[in-house]
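Enquirer: Just passing along the structure, written as structure tokens.
The values are calculated or read from the model by the stated rules, or taken from the named source; none is laboratory data. On a predicted model such as this, the values are computed, not experimentally measured, just so you know. We place every Cβ from the backbone using ideal geometry, glycine too, and count neighbours over all the protein chains shown.
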Amino acid sequence: MTKKHSHSKQNSPAPEENGHEENGHVPPADDVAAEAADEATVETAAEATPPPPEPLPHQMLRLQADFENYRKRMAREKLDWIAFASEKLVMDLLPVLDHFELGLADCANNGAPKTFTEGFHLIYTQLLSAIEKAGVQAIDAEGQPFDPNLHEAMSAQHSDTVPVDHVMTQTRRGYKMGEKLLRPAQVIVSSGPAAD
């Protein structure tokens, strides 16, 4: 039985230990920097490798959810555009309704022929029903408490019959479309009985 001696390995320095080669000479700094850069590149490449692709069923579910969200968004935008177009058309028709109302009041005050007034009223009713189909509601303010969210006060007058802060007279009708106010009603508000 022979023992192997291990001193020969311990006494001889390892090559490139402490940056020295076997012959005791130091490698150039460029070589050391190049080795460090190569090691950093290998580590960066290992970190930058993309994760494995997502399984196909998960990709399909994600794509289906994205498409469903897109479809809902497009439907919502379409309804918004329709509402905007309807609102613009109704706003253009409101002055026409105002003139019809003024014309009907004038017919009644000046004794216009009955057939003329009836025809005028039929056209007014038809136009009013057309904008009501678009979701427009008239605001009738007379006798109601004054609401600055729905009414525009043109003036205040004393009244013995109408309570304070109630609408005495409506000078121009207001309109809403759904919950949105298109135009406030112009009103004259009661300030109560006159002081003696």
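Enquirer: Quick one: in the range 163-179, which of the residues that are of a type in the set (Val, Ile, Thr) and either assigned by TED's automatic domain parsing to the domain that holds LYS88 or in a strand (DSSP E or B) (or both) is surrounded by the fewest Cβ atoms within 10 Å (Cβ to Cβ)?
Expert: Filtering the range 163-179 for residues that are of a type in the set (Val, Ile, Thr) and either assigned by TED's automatic domain parsing to the domain that holds LYS88 or in a strand (DSSP E or B) (or both), the one surrounded by the fewest Cβ atoms within 10 Å (Cβ to Cβ) comes out as THR171.
Enquirer: Do we find that MET154 is in contact with an Asp or Glu (Cβ under 9 Å, 6 or more places away or on another chain) and either in a strand (DSSP E or B) or closer than 25 Å to PHE84 by Cβ (or both) in this structure?
Expert: No: the conditions fail for MET154.
Enquirer: Read through the list (1) over 39 Å from the mean Cα position of the chain (by Cα); (2) outside any helix (DSSP H, G or I), then give the number of the only condition that PRO148 fails.
Expert: Of everything listed in (1) over 39 Å from the mean Cα position of the chain (by Cα); (2) outside any helix (DSSP H, G or I), PRO148 misses just condition (1).
Enquirer: For the range 182-189, check the following and say yes or no: at least one residue is closer than 19 Å to LEU102 by Cβ, assigned to a loop (DSSP other than H, G, I, E, B) and not hydrophobic (A, V, I, L, M, F, W, C).
Expert: Yes; the residues of the range 182-189 include at least one that is closer than 19 Å to LEU102 by Cβ, assigned to a loop (DSSP other than H, G, I, E, B) and not hydrophobic (A, V, I, L, M, F, W, C).
Enquirer: List every residue pair whose Cβ atoms lie under 7 Å apart, where the two residues are 6 or more positions apart in sequence or sit on different chains, the first residue falls within the range 172-196 and is free of Cβ contacts under 8 Å to residues at least 24 places away in the same chain, and the second residue, located anywhere, is surrounded by 13 or more Cβ atoms within 10 Å (Cβ to Cβ) and not in a strand (DSSP E or B).
Expert: none
Enquirer: Scan the range 182-196 for residues that are over 15 Å from SER86 (Cβ atoms) and in contact with a strand residue (DSSP E or B) (Cβ under 8 Å, 6 or more places away or on another chain) and jot them down.
Expert: PRO184, ALA185, GLN186, VAL187, ILE188, VAL189, SER190, SER191 - these are the residues of the range 182-196 that are over 15 Å from SER86 (Cβ atoms) and in contact with a strand residue (DSSP E or B) (Cβ under 8 Å, 6 or more places away or on another chain).
Enquirer: Output the qualifying pairs, or none if there are none: Cβ atoms under 8 angstrom, residues six or more apart or on different chains, first residue in the range 97-121 and among the aliphatic types (A, V, I, L, M), second residue exposed (fewer than 13 other Cβ atoms within 10 Å of the Cβ).
Expert: If the second residue must be exposed (fewer than 13 other Cβ atoms within 10 Å of the Cβ), the pairs left are ALA112/ASP106.
Enquirer: Take the residues of the range 121-162 that are of a type in the set (Ser, Thr, Tyr) and either exposed (fewer than 14 other Cβ atoms within 10 Å of the Cβ) or modelled with pLDDT under 90 (or both): which is nearest to PRO184 (Cα to Cα)?
Expert: Applying the filter and picking the extreme gives SER155.
Enquirer: Of everything in the range 180-191 that's modelled with pLDDT of 90 or more and of a type in the set (S, T, N, Q), which residue is surrounded by the most Cβ atoms within 10 Å (Cβ to Cβ)?
Expert: SER190
Enquirer: Within the range 153-161, is there a residue that is in contact (Cβ under 8 Å) with a residue 24 or more places away in the chain, closer than 21 Å to LEU104 by Cα and of a type in the set (D, E, K, R)?
Expert: Within the range 153-161, not a single residue is in contact (Cβ under 8 Å) with a residue 24 or more places away in the chain, closer than 21 Å to LEU104 by Cα and of a type in the set (D, E, K, R).
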